[in-house]
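Visitor: Have a look at this one.
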Amino acid sequence: MDEVDKLDSDELGADELDVERFDAEGHETELDPAFEISDEELVLRSQQGDMPAFEQLVERYHGKIYGLTYNMTSNREDAEDLTQEVFVKAYEALPRFKGKASFYTWIYRIAVNKTINYRKKRNRKRALSLDQFDQEIKLDDVYHELTTKGSPLRNISLSELQIKLNEAMMNLSEKHRTVVVMHDMQGIPHEEIAKVVGSSVGTIRSRLFYARRQLQTELMEFIK
Amino acid sequence: MMEKNDYSGMDEGGADDVLLGKLLHLKGYEVPDASRQIRSKQNIMRRVRQTERKDWSLEHLLELHIPWFFAEPRYGIALLLVVFAGLQFLGSGKVKSGGQGEAYATYPTQVNPSVSLYATASTNQVSYPELPEELKFFPSPAGSGQAIFVGQRIETEK
């Protein structure tokens, strides 16, 4: 059974640990006060057929799952389809979810599996279909730093930069792109990525190392 | 999105990693269109309800067949207004025609065939109401003007 097939199971193994939500730095956080009801409670209600409870879970995790699928595919239409598939799959599998892992870990695993399988079935070289850059990027210190005099980015437009970045990401293998998206873009710690993809922490670190080397090669013109 | 100037441990690999981290950080500014996200959530819930519900209610059937009505309620409301205005227009045309043509209405007959029979005290005779020669109770199923009689007039001796 290869790794992707192994990840296909809807129910996580008994050795999975509970995972809380993480902040941008990857640290565990308390539940947001706005979320008065815990995930566990919402999952329980959803399992009993409470549709508004599941709707709250969708509201809570839609952005994260879309972000994962979008950065994995660089295609917003595919990302929207995949996000829908992930939540529908989660709803169908919810009766089998016993709460041994957190809902967060569980749905992330479904999302990673769905995305990898989706790209296996479809043409891997799908055209890019990108979301617009938020105009707030121009207020970002990093953007200023990279576009000032002497920087390789000073003569490149935002749209060109966006295309270059996404092409570089899409040239990574699925496994390498997964860890880059989850760690470097979504701030998820190595340990949690390991639980989601069913690998050891060492494997995750190794994949991250090679993925970054490849990205540096792809983006040589901006980095050197 | 990552916190500003935090690259999740990318400084482990040196300056190149930091620069790469900054580039990936910029990618975090790619934001999806808000209306598409709303539609996406609505589509998810619609599909989930289709998965769930076996007892189809009118609301869910409508949601299944005209999802845009629910995804963009303003269009649905606009359509309802147009339909309402159209019906009003058609209705006003009927009234102006003065009951001609295909206008149809229910009205009481001049002579009510179900009027009660009663005996007058003076003659001790049953008095029948005066009915027209051809009393049309029901329209002919053949569609012609032919009348169907459901009763028989009884001539009484006076």
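Visitor: Which of the residues spanning region A:37-55 are in a helix (DSSP H, G or I) and within 11 Å of chain B (Cβ to nearest Cβ)?
Guide: A:Ser46, A:Met51, A:Pro52, A:Phe54, A:Glu55
Visitor: Does region A:158-175 contain at least one residue that is in contact with a helix residue (DSSP H, G or I) (Cβ under 9 Å, 6 or more places away or on another chain) and farther than 21 Å from A:Ala127 by Cα?
Guide: Within region A:158-175, not a single residue is in contact with a helix residue (DSSP H, G or I) (Cβ under 9 Å, 6 or more places away or on another chain) and farther than 21 Å from A:Ala127 by Cα.
Visitor: For the list (1) within 18 Å of the chain's Cα centre (by Cα); (2) at pLDDT below 80; (3) more than 9 Å from chain B (Cβ to nearest Cβ), I need the number of the one condition that A:Asn171 fails.
Guide: (2)
Visitor: Scan region A:163-179 and give yes if some residue there is assigned to a loop (DSSP other than H, G, I, E, B) and under 18 Å from A:Ile110 (Cα atoms), otherwise no.
Guide: No: zero hits.
Visitor: Same structure again: Of the residues that sit in region A:193-214 and are of a type in the set (D, E, K, R) and within 12 Å of another protein chain (Cβ to nearest Cβ), which one is farthest from the chain's Cα centre (by Cα)?
Guide: Out of the qualifying residues, it is A:Arg213.
Visitor: Is it the case that region A:120-129 has a residue that's modelled with pLDDT under 80 and within 12 Å of another protein chain (Cβ to nearest Cβ)?
Guide: yes
Visitor: Within region A:56-112, how many residues are part of a loop (DSSP other than H, G, I, E, B) and either closer than 29 Å to B:Leu24 by Cα or in contact with a Ser or Thr (Cβ under 8 Å, 6 or more places away or on another chain) (or both)?
Guide: 2
Visitor: Please count how many residues of region A:56-80 are without any contact (Cβ under 8 Å) to a residue 40 or more places away in the chain, under 15 Å from the mean Cα position of the chain (by Cα) and more than 7 Å from chain B (Cβ to nearest Cβ).
Guide: 3
Visitor: The conditions are (1) exposed (fewer than 10 other Cβ atoms within 10 Å of the Cβ); (2) modelled with pLDDT under 65, and B:Lys94 fails exactly one of them. Which is it?
Guide: (1)
Visitor: Criterion first (within 30 Å of A:Ser199 (Cα to Cα) and among the acidic types (Asp, Glu)) does A:Glu145 satisfy it?
Guide: no
The values are calculated or read from the model by the stated rules, or taken from the named source; none is laboratory data. Since this is a predicted model, take the numbers as computed values, not measurements. Because the Cβ atoms are built from the backbone with ideal geometry, glycine has one as well, and the counts that use them run over all protein chains shown.
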